[in-house]
Amino acid sequence: MKHITTADVIHVMDEKNKPAMTVSCGETFTVETANPGIPDAVFEKDYTKEPFPKRILTITGPIRVENAQPGDILCVHIDDIRLNAEGKMWMGQWMGILMDEVDHCYMRKARVEDGTVIFREDVRFPIRPMIGTIGTAPAGDAVDCLYPGDHGGNMDALSACPGSTVYLPVNVEGAMLSIGDVHAAMGCGEILGTGIEIGSTVTARVELIKNRAQKHPVIETEERFEIAVSGEDMDGLCKEAARSAIAFIMEHGDYSFDEAYALAGQTSDLKILQVVNPWRTVSMSIPKAILKKKEY
């Protein structure tokens, strides 16, 4: 089985990045993702008179997919996420939804044992492994890995977890898939600015849907399809997510616009995936039960 390590990392998603490896359709491979790279000393400093640390997201890749061409859809099946033994969570005056209301840094390490996060010896909760950043290279200008977008990127979707399939647009030859920013757990919205950031080994498999347009990333779970939309204006994002969900329900269910809108309003969930990256991400989660066509 092919494997890439954190010796092959990127900080921007760009078609000019040199591929770390090449895989073919149907091939299973493994990706080592980085441990949190910020030294503990960062959180021991007083930033009252100093510039805040620069935010850098380190992602493993890219992975070139044979026969992937612009206009295709890349299907990434997430088979497994094996977590390292320790992760970190942190906040500061430069990140998190309340960054303007805090005056100090905070970092906490957390052990992962037997499927449990140990926050304190008396406070434990189940792991929820997920991939915070997964995307393909955009066409044209490079995009910093901190940003989410129609290429995927830093969406922080809890549903990007073992057993799910992430559908991403292919914008450049080879797709140039990258994976990283794995969390042992995270609340929806990522309000702290981090999940429990942790190193991992991701096992995945790729396939292609040829010659089919797709505007936004879609994540499929056993029971639902989730459409992720990213940008700057939250109100506009919510409207675009609703439009996308209605169009999806019409296409997969033989419904009129009015019927699809009504069904979306009663059965589909509008969710905030994250509010702490340079662009925000929201989603509409659609139950397969209302769809006649249950395959993507």
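Side notes on the structure shown:
- Candidate set: segment 24-68, residues that are within 30 Å of M99 (Cα to Cα) and not in a loop (DSSP other than H, G, I, E, B); chosen: the one nearest to the chain's Cα centre (by Cα): I59
- Hits in segment 79-110 (condition: of a type in the set (A, V, I, L, M), touching a residue at least 40 places away in the same chain (Cβ under 8 Å) and surrounded by fewer than 14 Cβ atoms within 10 Å (Cβ to Cβ)): L98
- In summary, I131 fulfils each of the numbered conditions (1) under 24 Å from M176 (Cβ atoms); (2) open to solvent by 10 Å² or more (accessible area, probe 1.4 Å); (3) assigned to a strand (DSSP E or B) with the single exception of condition (2).
- Residue in segment 277-294 that is in a helix (DSSP H, G or I), small (G, A, S), open to solvent by 70 Å² or more (accessible area, probe 1.4 Å) and modelled with pLDDT of 95 or more present: yes
- Within segment 1-31, if we keep just the residues that are among the aliphatic types (A, V, I, L, M) and closer than 14 Å to V206 by Cα, the residue that is most open to solvent (accessible area, probe 1.4 Å) turns out to be M1.
- Strands (runs of 3 or more DSSP E) lying entirely in segment 141-259 (those with 3 or more residues that are surrounded by fewer than 21 Cβ atoms within 10 Å (Cβ to Cβ)): 197-209
- Lone unmet requirement of (1) of a type outside the set (D, E, K, R); (2) touching an Asp or Glu at 6+ places or on another chain (Cβ under 9 Å); (3) free of Cβ contacts under 8 Å to residues at least 60 places away in the same chain for C238: (2)
The values are calculated or read from the model by the stated rules, or taken from the named source; none is laboratory data. These figures come from a predicted structure and were not determined experimentally. Methodologically, a virtual Cβ is constructed for each residue, glycine included, from the backbone with ideal geometry; neighbour enumeration extends over all protein chains shown. Accessible surface areas use protein heavy atoms only, side chains included; no ligands, DNA or RNA. Shrake-Rupley method; radii C 1.70, N 1.55, O 1.52, S 1.80 Å.
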